[in-house]
Amino acid sequence: MSDDSARATMASLLARYDKPGPRYTSYPTAVEFHDDIDHGAYVEALARADAQPGDPLSLYVHLPFCEERCAYCGCNVVITKHRDVTDRYLDYLDREIDLMAAHLPHRRQVSQLHWGGGTPTFYTAPQLARVFAGMARHFKFTADAEIGVEIDPRVTSFEQLDTLRRLGFNRLSMGVQDFAPEVQQAVNRIQSYEMTKGLVDHARALGFRSINLDLIYGLPYQTLEGFGRTLDQVVTLRPERVAVYSFAFVPWMKAHMKHLPEDSLPAPDLKLALLAQAQLAFGDAGYRQIGMDHFALPEDELARALDAHVLHRNFMGYTVQSARDMLALGISAIGDVQGTFVQNTKKLNEYYAALDAGRFPVERGYALDEDDEIRRVVITTLMCNGRLDIDEVERRFGLRFDQYFAAELAELTAPESPQADGLVRVGPALIEVTPLGRTFVRNICMVFDRYLRARTSGSKPVFSRTV
């Protein structure tokens with residue numbers, strides 16, 4: 001196929017598939033959460049979880065404070081330069097940990113811990129040690145536990161890294177986004193390559209076994225030349241993992257994004273070219289593509305899990321740990337316990353008031369039904385491993401796949417469909433995402449989303465675009 005023909009083909013695919021859609025860190029997505037799930041529902045779910053003492057848990061802790069807001073940020077953060085407000089938050093986080101442990105007297109083993117934000121390294125080294133001590137007081141970690149934290153190189157010191165490593169953290173995730181000065185200026189995140197390299201080098205010397213760097217394509221003023229330089233610089237750092245996320249431009253949800261001039265954002269064809277550039281750069285550097293937006297060195301656990309078709313996905317992203325239940329602590333944090341999603345309130349005063357009353361600060365959630373569980377397995381498996389064993393789904397759920405998903409299979413294989421476009425191969429025993437289809441895997445999974453089907457085409461957008 002000639003270059004002109006390839007570009008025309010990709011332009012046609014973009015026109016058809018680049019539309020709003022979920023990232024599927026959960027199914028059903030958080031859009032379906034409602035306020036019928038509360039403290040009582042969470043207590044019941046924890047009781048069911050406690051009845052399975054042999055299974056390890058996953059823990060997520062949300063540390064929401066940041067000194068300033070990055071213009072691309074879609075996280076739930078609290079912007080402040082007053083460090084004294086953080087001690088009160090940690091007091092209440094300790095209370096939530098204690099309350100959680102009280103409802104899990106027989107299940108305290110953890111195989112995955114992740115601290116996100118916000119900026120966890122907004123906190124001092126002694127404060128970081130305090131947060132970890134609060135969890136270690138109740139929970140014990142498996143020998144192979146993933147213990148990770150997100151850090152912002154602009155506010156992270158060597159002392160903080162020393163403390164995190166001493167506590168047992170073995171994974172770091174650092175935001176980079178783009179080293180191009182004009183892009184950094186536009187998104188209010190000034191961070192040099194030299195600053196980032198210094199922290200990477202120090203973390204390696206301390207013995208962190210995995211370092212992840214986050215990039216974003218689709219940011220204001222990005223160009224192929226500028227992003228290419230960023231990719232070259234990242235490759236020289238040789239992180240074990242890289243995440244290359246599509247910029248989720250959602251000004252209807254995140255008001256601060258309204259200040260970004262839309263005409264500065266890359267057009268769809270340039271945005272896709274930026275992604276293709278990243279795929280080529282990391283492929284040439286020996287990385288394996290993991291799922292839709294991650295890359296890992298061949299010896300990394302993510303790459304090995306992909307080869308063995310045992311990759312998993314949760315609210316923290318791709319993981320090799322298969323902990324069935326994920327507990328979440330802190331404001332806005334989302335847990336997944338025994339078929340029930342629970343999300344904490346996003347407001348500090350409501351978080352404090354609930355814990356003062358001895359209640360979990362749950363604001364909303366969702367209880368999965370049988371159909372949700374089936375579709376969750378299908379979607380998550382395709383998102384993680386790019387292939388679905390139909391026989392295994394039939395055995396697990398006692399159904400005829402071709403009957404249960406007749407409408408979905410028809411949509412996947414119609415004359416103008418993902419299969420016809422070369423994105424997926426559908427056979428009697430296997431559904432397999434093609435290399436081209438990895439870019440559009442969200443669209444493939446959207447076919448199986450019962451709730452997305454029910455949304456009207458004229459409804460208000462709630463998701464970012466898929467490409």
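The values are calculated or read from the model by the stated rules, or taken from the named source; none is laboratory data. Everything numeric in this text was worked out from a predicted model, so none of it was measured. Note that we place each Cβ from the backbone using ideal geometry, even for glycine, and neighbour counts take in every protein chain shown.
Can you go through Y366, Y318 and tell me which one is outside any helix (DSSP H, G or I) and modelled with pLDDT under 95?
Values: Y366 fails: modelled with pLDDT under 95.
After applying the criteria, what remains is Y318.
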Next item on the list: Only helices (runs of 4 or more DSSP H) wholly contained in region 378-467 count here; list those with 2 or more residues that are of a type in the set (V, I, T) and under 30 Å from G283 (Cα atoms).
Entry: 441-446
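Table: residues versus (1) modelled with pLDDT of 85 or more; (2) over 18 Å from A333 (Cβ atoms).
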| residue | (1), (2) |
| --- | --- |
| P56 | yes, yes |
| Y60 | yes, no |
| P64 | yes, no |
| C75 | no, no |
| T80 | yes, yes |
| V85 | no, yes |
| L90 | yes, no |
| D94 | yes, no |
| D98 | yes, no |
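Tell me which helices (runs of 4 or more DSSP H) are completely within region 151-207 and hold 2 or more residues being touching a His at 6+ places or on another chain (Cβ under 9 Å) and under 13 Å from A125 (Cβ atoms), or say none if there are none.
Details: elements: 158-167, 181-187, 193-206.
Output list reads 158-167.
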Notebook entry, point to check: Given the conditions (1) in contact (Cβ under 8 Å) with a residue 40 or more places away in the chain; (2) more than 24 Å from R442 (Cα to Cα), which single one is not true for I334?
Noted result: (2)
Item checked: A15 vs. criteria outside the structural domain of Q184 (by TED's automatic domain parsing), part of a helix (DSSP H, G or I) and surrounded by fewer than 20 Cβ atoms within 10 Å (Cβ to Cβ) -> yes
Checklist line | Single unsatisfied condition, A136 versus (1) aliphatic (A, V, I, L, M); (2) closer than 20 Å to R154 by Cα; (3) surrounded by fewer than 21 Cβ atoms within 10 Å (Cβ to Cβ) | finding: (2)
Checklist line | Index of the failed condition, V110 passing every other in (1) within 30 Å of S192 (Cβ to Cβ); (2) among the hydrophobic types (A, V, I, L, M, F, W, C); (3) touching a Phe, Trp or Tyr at 6+ places or on another chain (Cβ under 7 Å) | finding: (1)
Check: Restricting the search to region 322-358, which residues are part of a loop (DSSP other than H, G, I, E, B) and among the aliphatic types (A, V, I, L, M)?
Finding: A323, I331, A333, A357
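Given the structure, is F208 surrounded by 14 or more Cβ atoms within 10 Å (Cβ to Cβ) and under 30 Å from V362 (Cβ atoms)?
Numbers: surrounded by 14 or more Cβ atoms within 10 Å (Cβ to Cβ): yes; under 30 Å from V362 (Cβ atoms): no.
Answer is no for this residue.
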Check: Filtering region 41-69 down to residues that are in contact with a strand residue (DSSP E or B) (Cβ under 9 Å, 6 or more places away or on another chain) and assigned to a helix (DSSP H, G or I), which residue is nearest to I190 (Cα to Cα)?
Finding: Y42
Next item on the list: Tell me which residues, restricted to region 234-272, are assigned to a loop (DSSP other than H, G, I, E, B), farther than 23 Å from S192 by Cα and among the hydrophobic types (A, V, I, L, M, F, W, C).
Entry: A248, F249, V250, W252, M253, A267
Checklist line | Selection count, region 70-95, where residues are assigned to a helix (DSSP H, G or I) and either closer than 18 Å to A255 by Cβ or charged (D, E, K, R) (or both) | finding: 5
Next item on the list: Looking for whichever is surrounded by fewer than 19 Cβ atoms within 10 Å (Cβ to Cβ), over 16 Å from Y17 (Cβ atoms) and in the same structural domain as M383 (by TED's automatic domain parsing) here; the options are A414, A407, A420. Which one fits?
Entry: A407
Notebook entry, point to check: Picking from L231, L219, which residue would you name as being more than 20 Å from V155 (Cβ to Cβ), part of a loop (DSSP other than H, G, I, E, B) and not β-branched (V, I, T)?
Noted result: L219
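Listed here are the residues, each with its yes/no results for (1) in the same structural domain as M100 (by TED's automatic domain parsing); (2) surrounded by fewer than 21 Cβ atoms within 10 Å (Cβ to Cβ).
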| residue | (1), (2) |
| --- | --- |
| Q277 | yes, yes |
| P298 | yes, yes |
| H309 | yes, yes |
| V320 | yes, yes |
| G335 | no, no |
| G339 | no, yes |
| Q343 | no, no |
| K347 | no, yes |
Check: Given the structure, is L104 surrounded by 16 or more Cβ atoms within 10 Å (Cβ to Cβ) and not in a loop (DSSP other than H, G, I, E, B)?
Finding: no
